[in-house]
Structures are given as C-alpha cells and as structure tokens.
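First up is the structure itself, then whatever we jot down about it.
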Amino acid sequence: QVQLVESGGDLVQPGGSLRLSCAASGSIFSINAMGWYRQAPGKERELVATITRGGSTNYADSVKGRFTISRDNAKNTVYLQMNSLKPEDTAVYYCNANLGPRRADYWGQGTQVTVSS
C-alpha cells in the first residue's frame, strides 16, 4: 500500500552534481522521517542523510558539506542534492520512509549513482 518512487540517478563526472528525488505514495498517515542510504559493491549499506518531518537533519561524516537533504511535506517527497561528487560516492542509493505511529520502515528499489572519469 506504500510505494517509494526514486529518480535522478545517473552517470556523472567527478566534481559534478546530481539531485535525487523520492516520493512516497499510497496509504500514508504521516511521515515521521525520510532519508537516503547507499550500498557500494562488496560493502555494507550505510546511512547517507535523514530528515524529520520537522526539518531536523543528520548526515554521514563522509558527505557532510557536500550533500544536502530537503523535503516537501505536502508532496511526501524527499530530495538529496549531491555536489562535489567523488568516485567513492558510487553506489546504489535507497530511499527510506518511516511512517505512522508504529514507525514502520519502507524502502525504495534503489537508483544507481556512478561517479567516473
């Protein structure tokens, strides 16, 4: 009943920028928080950034100062602006939403970000 639709993944040069979007739809009572995680080949999934409904943000140290998370509560959408991209940012990026009073977690299918050449 809940679907997360991601967009914006692409191939980009080092130093370039991308903006990821994730929209939650379906049976949504309320969004407690949304965020982005990533997983590179052969590595564990890691937190990138999160944002609460009230606007509090949290970032991984590796992306702080380069990435910015934001949201549009009316559209149930979260964004990730990625600047100064590095090859080590290459990964599948997953959208996460924490919903409702039971704080249930939902995940998108992932979008590929490749930083190369």
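Taking region 17-31 as the range and being open to solvent by less than 20 Å² (accessible area, probe 1.4 Å) and either among the β-branched types (V, I, T) or out of contact with any Gly (no Cβ under 7 Å at 6 or more places or on another chain) (or both) as the test, only A24 passes.
Residues in region 66-74: is at least one surrounded by 11 or more Cβ atoms within 10 Å (Cβ to Cβ), at pLDDT below 95, under 13 Å from L20 (Cβ atoms) and not aliphatic (A, V, I, L, M)? Yes: one or more hits. Out of the residues in region 21-52 that are under 11 Å from A97 (Cβ atoms) and not hydrophobic (A, V, I, L, M, F, W, C), state the one that is nearest to the chain's Cα centre (by Cα). Here the answer is G35. Scanning region 14-34 for residues being free of Cβ contacts under 8 Å to residues at least 60 places away in the same chain and farther than 16 Å from Q112 by Cα gives a total of 4.
Among the residues of region 35-53, is there at least one that is surrounded by fewer than 20 Cβ atoms within 10 Å (Cβ to Cβ), within 20 Å of V113 (Cα to Cα) and among the hydroxyl-bearing types (S, T, Y)? Among the residues of region 35-53, at least one is surrounded by fewer than 20 Cβ atoms within 10 Å (Cβ to Cβ), within 20 Å of V113 (Cα to Cα) and among the hydroxyl-bearing types (S, T, Y), which makes the answer yes.
The values are calculated or read from the model by the stated rules, or taken from the named source; none is laboratory data. All values derive from a computational prediction rather than experimental measurement. Neighbour counts are summed over all protein chains in view; Cβ atoms, including those assigned to glycine, are modelled from backbone coordinates with ideal geometry. Note: accessible area is taken over every heavy atom of the protein model, side chains too, but ligands, DNA and RNA are not part of it. Shrake-Rupley method; radii C 1.70, N 1.55, O 1.52, S 1.80 Å.
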